Amino acid sequence: MSLHLYNTLTRTLERFKPLRQEEVKVYYCGPTPYNYAHIGNLRNYLMDDIIVRTMRFLGYKVRTVMNVTDIDDKTIRDSQKSGKSLKELTENYTNEFLADCTRLAIIPADTIAPISTLIPDMGTIIDGLIAKWYAYLADDGSVYYSVAKFRKYGELAHLDTKWMISSVRIDNDEYEKEQVADFALWKAYDAEADGENSWEIEVTIDWEKKILKWRPGWHIECSACNMKFFWAQIDIHMGGCDLIFPHHQNEVAQTEAYTGKKFANYWLHGGHLLVDNKKMAKSAKNFYTLGDIFEQNKDIPEILIARGFRLMALQNQYRENFNFTFERLGAAINTIRGLDEMMKRLGRYRDLLLRDKVELSDEDLTLTAKWRIKFHDITREFRENQQSYMQEFIEKLEDDFDTLSAMATVYEYQTYINTGIDDSLFTAWECSSLIGLMQSWNEVVSIFDFDLLTSESLPADISRLAEARILAKTLKDWAESDRIRDELVSLGYKMIDEKDGWRMEKV
Ligand code: AMP
Ligand code: ZN
């Protein structure tokens, strides 16, 4: 198999062929920083992250660009409401957004571009669109895109353009398919709505240069951002499925009319996070921020909640909608705890094997295991298992980033490790190989905590005493073993014997 992805443009599963092997260009629409992101928005960026991580894992050299919609109706409205400057408001919420991303192990885009830095780039495109008769200055003082001029209008969003009423204009950035109309590229200045906020572009109308001192429409922002960093063509454009129309459809119309080239080869759209089967949205007031879900689970460490939420995203195919509930989050957190427990056991088991200078009694390990430890071998069966787990994981991801199935492989592997430890099956070198496989999977899933392998490492003197006690037990010197146990307690440690070794607890 090779990577196949579901392309919204063709509504089919297609084999991925990059424009250029050396650099796969991936763009995704960024946040509108007028407030904290809700976990529905964050699910969307988790999807972008998992897709990009998977492509890198599969060997593609991916370059990512994301815009930040720091100029739009909502950011301007809320900066005025809060009495803060637009810059102050949007920088603050952009930083909050990036902090949430860090908590969720989302790798930031290689380039993150606030739209306010791209005004001249928007001006160039608008100027070009006017020159090619795709855009016009209307009586209300705004520049509109003439959708009837773009023959392929509606292709991405699968619109039936027969019904299009071409002389109608719309200056809202968001509208329904039934309202297809000429949309605003550059909006007329409205002192009441825009306050201090206005930006200038230079365009040529009827051979005359004019300065338009207004502000951008939302759709032109993403066309300009792509143009600036990737020029005419990109491989993959991503976003939530609510963006297909009008936002992405309008991006296609603008960019392709300007460059005369096909804009994005593949369009990937993510499903929604729902609450009671309704899309989570600020306007519906049915949303939670990451801070809210931390607050509601105060007894659980934040990092564990964040990992649980990331796992929830992985346990659903990116195109599916799914309901958020606290029960489901709780279940995902428990799954993480199970993975953590396995990691700790593997760490303890490996440490036990590495202490092979201590003679181990038959109670500690089976005879076969002892023989194999001595040779530090990797059996053929083990190697084949490793290969088939890796192959299964890759094939599932190559099938349109099917993380739900890839996670099933991870859970099978977890059981394989746990039962292997129960039966003392693995050698020290095999343990390293198990850890190595999970480290490579973690490049995609990023939910394992490898610190747990050594988290229980002890101060050197305590560790020496523990080993001396194991030696005493091996020699069946029970009095010495008890004496060391008491000494450990006096130093604040309790040594607990377990089937696969021992662990130390602080008293
Ligand atoms: P915004 O900050 O409103 O521009 O939205 C940022 C991203 O979040 C867009 O790609 C939206 O498609 C996506 N989005 C918004 N609501 C949801 C939701 N409930 N579930 C998944 N993605 C969403
Ligand atoms: Zn966009």
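The values are calculated or read from the model by the stated rules, or taken from the named source; none is laboratory data. Only a predicted model underlies this, so the values are computations on that prediction, with no experimental measurement involved. Every residue, glycine among them, receives a Cβ derived from its backbone with ideal geometry; neighbour counts consider all protein chains shown.
Among the residues of the stretch 63-70, are any more than 16 Å from ligand 2 (Cβ to nearest atom), in the same structural domain as LYS282 (by TED's automatic domain parsing) and modelled with pLDDT of 95 or more? Don't jump to the end; show me each part of the working.
Looking only at the stretch 63-70, we keep the residues that are more than 16 Å from ligand 2 (Cβ to nearest atom), and these are 63.
Now narrow it down to the ones that are in the same structural domain as LYS282 (by TED's automatic domain parsing): 63.
Subsequent filtering for residues that are modelled with pLDDT of 95 or more retains 63.
Yes, the stretch 63-70 contains at least one residue that is more than 16 Å from ligand 2 (Cβ to nearest atom), in the same structural domain as LYS282 (by TED's automatic domain parsing) and modelled with pLDDT of 95 or more.
Among LEU46, LEU98, which is within 19 Å of MET238 (Cβ to Cβ), under 14 Å from the mean Cα position of the chain (by Cα), crowded, with 20+ Cβ neighbours inside 10 Å and within 16 Å of ligand 1 (Cβ to nearest atom)?
Values: LEU98 fails: crowded, with 20+ Cβ neighbours inside 10 Å.
After ruling out the rest, the residue left standing is LEU46.
Working only within the stretch 230-239, note down all residues that are away from ligand 2 (no atom under 13 Å from the Cβ) and not polar (S, T, N, Q).
Going residue by residue through the stretch 230-239, those that are away from ligand 2 (no atom under 13 Å from the Cβ) are 230-233, 235-236.
Matches in the stretch 230-239: PHE230, TRP231, ALA232, ASP235, ILE236.
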> Which residues, counting only those in the stretch 10-41, are within 16 Å of ligand 2 (Cβ to nearest atom) and touching an Asp or Glu at 6+ places or on another chain (Cβ under 7 Å)?
Replying inline: LYS25, VAL26, TYR28, THR32, PRO33, TYR34, ALA37
> In the stretch 126-135, is there at least one residue being surrounded by fewer than 18 Cβ atoms within 10 Å (Cβ to Cβ) and aromatic (Phe, Trp, Tyr)?
Replying inline: yes
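The rows are residues; the columns are (1) of a type in the set (D, E, K, R); (2) not in a strand (DSSP E or B).
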{"residue": "LEU5", "(1), (2)": "no, no"}
{"residue": "LEU13", "(1), (2)": "no, no"}
{"residue": "ARG43", "(1), (2)": "yes, yes"}
{"residue": "LEU46", "(1), (2)": "no, yes"}
{"residue": "LYS81", "(1), (2)": "yes, yes"}
{"residue": "LYS84", "(1), (2)": "yes, yes"}
> Of (1) in a helix (DSSP H, G or I); (2) in the same structural domain as MET407 (by TED's automatic domain parsing), ALA479 satisfies all except one. Which?
Replying inline: (2)
> Restricting the first residue to the stretch 55-75 and requiring it to be farther than 15 Å from TYR28 by Cβ, which pairs with a second residue that is among the β-branched types (Val, Ile, Thr) and within 11 Å of ligand 2 (Cβ to nearest atom) meet a Cβ separation below 9 Å and a spacing of at least six or different chains?
Replying inline: ASP70/THR32; ASP70/ILE115; ILE71/ILE115; ASP72/THR32; ASP72/ILE115; LYS74/THR32; THR75/THR32; THR75/THR69
>> What are the pairs with Cβ atoms under 8 angstrom where one residue, in the stretch 202-229, is of a type in the set (Asp, Glu) and crowded, with 24+ Cβ neighbours inside 10 Å and the other, located anywhere, is modelled with pLDDT of 95 or more and not in a strand (DSSP E or B)? Sequence gap at least six, or different chains.
In response: GLU221/THR69; GLU221/ILE71; GLU221/ILE115; GLU221/LEU118; GLU221/MET122
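Just to be sure before I move on: is ALA257 within 16 Å of ligand 2 (Cβ to nearest atom), on the phi < 0 side of the Ramachandran plot, in contact (Cβ under 8 Å) with a residue 40 or more places away in the chain and hydrophobic (A, V, I, L, M, F, W, C) in the structure I sent?
Numbers: within 16 Å of ligand 2 (Cβ to nearest atom): no; on the phi < 0 side of the Ramachandran plot: yes; in contact (Cβ under 8 Å) with a residue 40 or more places away in the chain: yes; hydrophobic (A, V, I, L, M, F, W, C): yes.
Here the answer is no, as ALA257 does not meet what is asked.
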> Any idea which residue in the stretch 268-300 is nearest to ligand 1 (Cβ to nearest atom), counting only those that are within 24 Å of TYR27 (Cα to Cα) and touching a Ser or Thr at 6+ places or on another chain (Cβ under 9 Å)?
Replying inline: HIS269
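Looking only at the stretch 65-85, filter to residues that are away from ligand 1 (no atom under 14 Å from the Cβ) and crowded, with 20+ Cβ neighbours inside 10 Å; which one of those is nearest to the chain's Cα centre (by Cα)? Steps first, answer last, please.
Pass one, the stretch 65-85, residues away from ligand 1 (no atom under 14 Å from the Cβ): 65, 76, 79-85.
Then keep just the ones that are crowded, with 20+ Cβ neighbours inside 10 Å; that gives 65, 76, 79.
Working: VAL65: 14, ILE76: 28, SER79: 28 Å.
Looking at residues that are away from ligand 1 (no atom under 14 Å from the Cβ) and crowded, with 20+ Cβ neighbours inside 10 Å, I get VAL65.
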> Mind checking which pairs have a first residue in the stretch 272-286 that is free of Cβ contacts under 8 Å to residues at least 12 places away in the same chain and part of a loop (DSSP other than H, G, I, E, B) and a second that is more than 8 Å from ligand 1 (Cβ to nearest atom) and among the β-branched types (Val, Ile, Thr), Cβ under 7 Å, 6 or more apart or different chains?
Replying inline: ASN286/VAL275
> Inside the stretch 473-507, can you point out the residues that are of a type in the set (S, T, N, Q) and modelled with pLDDT of 90 or more?
Replying inline: SER481, SER490
>> Which numbered condition in (1) touching a Ser or Thr at 6+ places or on another chain (Cβ under 9 Å); (2) more than 16 Å from ligand 2 (Cβ to nearest atom) is the only one that ARG103 fails?
In response: (1)
>> So the check is Cβ under 7 Å with 6+ separation or different chains; which pairs have a first residue in the stretch 421-440 that's of a type in the set (Gly, Ala, Ser) and a second one that's at pLDDT 90 or above?
In response: SER433/GLN386
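Which one of GLU174, GLU178 is modelled with pLDDT under 90, within 13 Å of ligand 2 (Cβ to nearest atom) and either assigned to a strand (DSSP E or B) or not β-branched (Val, Ile, Thr) (or both)? Spell out how you get there, then give the answer.
Numbers: GLU178 fails: within 13 Å of ligand 2 (Cβ to nearest atom).
Unique residue meeting the criteria: GLU174.
Check whether at least one residue in the stretch 108-118 is over 30 Å from ILE293 (Cβ atoms), over 16 Å from the mean Cα position of the chain (by Cα) and crowded, with 21+ Cβ neighbours inside 10 Å, and report yes or no.
Checking the stretch 108-118: at least one residue is over 30 Å from ILE293 (Cβ atoms), over 16 Å from the mean Cα position of the chain (by Cα) and crowded, with 21+ Cβ neighbours inside 10 Å.
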> Residues in the stretch 232-255 that are surrounded by fewer than 21 Cβ atoms within 10 Å (Cβ to Cβ) and over 25 Å from the mean Cα position of the chain (by Cα): how many?
Replying inline: 1
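Every residue in the stretch 208-225 that is of a type in the set (Lys, Arg) and more than 26 Å from GLU192 (Cα to Cα), please.
Just the residues of the stretch 208-225 that are of a type in the set (Lys, Arg), to begin with: 209-210, 213, 215.
Scanning the stretch 208-225 gives a single hit, LYS209.
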> When only residues in the stretch 205-243 that are assigned to a strand (DSSP E or B) and of a type in the set (Gly, Ala, Ser) count, which is farthest from ligand 1 (Cβ to nearest atom)?
Replying inline: GLY239
>> Can you find a residue that is at pLDDT 95 or above, assigned to a helix (DSSP H, G or I) and either more than 14 Å from ligand 1 (Cβ to nearest atom) or crowded, with 22+ Cβ neighbours inside 10 Å (or both) anywhere in the stretch 16-39?
In response: yes
